[in-house]
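**Q** Dropping a structure here in structure tokens format, bear with me for questions.
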Amino acid sequence: MKKLLACLQLCRFAAVFTAMADIFLGYLLTHQEGFESECDFGFLLGSSSCLYLAGMVFNDVFDRQVDALERPKRPLPSGRVSLREAVALGTCLVALGLALSRAVGIQSLLVAGLLTGCIFLYDGLVKSTLLGPVVMGACRFLNVMLGASTARFATGDPAAWSMPQQAVATGLGVYIAGVTWFSRHEAGESPRWQLAGALMTVNLGLVILIGFVVHWPDLLQRSWNTALALGFIGIIINRRLLAAVLDPSATKVQASIKTMLLSLIMLDALLVFFVQEDRLYAIGVALLLIPATILSRMLAIT
């Protein structure tokens, strides 16, 4: 049990539900009849989850020397998980994630392959550079697109890279770029100017999502309801972020990051509510917040 707990901590298991919510969103954005193929959806959900968890594992593999100084209690520097075990776990997760996407189709494998490339690019090369937040935002963009990778036009041609999923994925990608920038110095005291810049980036992502809703061709009452709900979530997030800007301590910054990550599930749920007539789909996505919140109290989410 101790080894299992250490592995769950290593792969930030509590946060995987945010990746699942993206797959729900991407799929339901592009399948107006709901789950047209439960099998394909399940494979995409599994693929995204495996690649997300693998990204967290390799994040700590590449950061093990820094973590030994700044976060010695984490699984790798504390010795609760060996380097060999971590690499084996991450490799198996990547292989399974790609295999599941291939079971859906070539288009899904292509998106999953691009996502895997961005994960390793971030973890191994650009994390500490100016490109770090951009590449992490690209990971979230591609995760939503993975959920939409089975989309087809009425003619039967692939439609994975078309609207509306591109607009939504862009908004969420920008949002996560801001979250990543905000978390850059989470282990210590963060520079206020960087937190302020990250705050504006997060809000830009929210504005893109709200713009998508209010510019929907067939403007409905739920457009305004969804926009208001997105704005309300934005207020909650900004309250946390402003507190961290005023007091850039590790505790305040980490609390803000947790709020932003968990809020992703509600953002996805609201967008599903907007595009799907059946409200049960949105409720199902929102319910992912329950295990994510409970597990985040036991397993670090950052």
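The values are calculated or read from the model by the stated rules, or taken from the named source; none is laboratory data. Just so it is clear, the model here is predicted, and its values are computed rather than measured. We place every Cβ from the backbone using ideal geometry, glycine too, and count neighbours over all the protein chains shown. SASA here: full protein model, heavy atoms, side chains in, ligands and nucleic acids out. Shrake-Rupley method; radii C 1.70, N 1.55, O 1.52, S 1.80 Å.
**Q** Show the residue pairs that are 6+ apart or on different chains and have beta-carbon atoms under 7 Å apart, the first residue being within the range 109-128 and among the acidic types (Asp, Glu), the second being surrounded by fewer than 17 Cβ atoms within 10 Å (Cβ to Cβ).
**A** Here the result reads ASP123/PHE62, each pair linking the range 109-128 to a residue that is surrounded by fewer than 17 Cβ atoms within 10 Å (Cβ to Cβ).
**Q** Take the residues in the range 109-136 that are touching a Phe, Trp or Tyr at 6+ places or on another chain (Cβ under 8 Å) and small (Gly, Ala, Ser), then tell me which one is modelled with the lowest pLDDT.
**A** Restricting to residues being touching a Phe, Trp or Tyr at 6+ places or on another chain (Cβ under 8 Å) and small (Gly, Ala, Ser), the top hit is GLY124.
**Q** Any residue in the range 233-248 that's outside any helix (DSSP H, G or I): show its pairings with residues that are of a type outside the set (Asp, Glu) at Cβ separation under 7 Å, as long as the two are six or more apart or on different chains.
**A** From the range 233-248, the pairs are PRO248/SER190; PRO248/ARG192; PRO248/LEU195.
**Q** Taking LEU125 and the conditions (1) assigned to a helix (DSSP H, G or I); (2) open to solvent by less than 70 Å² (accessible area, probe 1.4 Å); (3) not hydroxyl-bearing (Ser, Thr, Tyr), which numbered condition does it fall short on, given that it satisfies the others?
**A** (2)
**Q** Here is a follow-up. Of all residues in the range 175-207, which are free of Cβ contacts under 8 Å to residues at least 60 places away in the same chain and open to solvent by 50 Å² or more (accessible area, probe 1.4 Å)?
**A** Selection gives TRP181, ARG184, ARG192, TRP193, MET200, LEU204, VAL207.
**Q** Condition test on ALA244, is it over 24 Å from TYR122 (Cα atoms) and in contact with a Lys or Arg (Cβ under 6 Å, 6 or more places away or on another chain)?
**A** Yes; evaluated as a whole, the condition is true for this residue.
**Q** Give all pairs with beta carbons closer than 7 Å in which a residue from the range 263-292 that is free of Cβ contacts under 8 Å to residues at least 40 places away in the same chain and more than 17 Å from GLY147 (Cβ to Cβ) meets a residue that is open to solvent by 10 Å² or more (accessible area, probe 1.4 Å) and among the hydroxyl-bearing types (Ser, Thr, Tyr); count only pairs at least 6 apart in sequence or on separate chains.
**A** none
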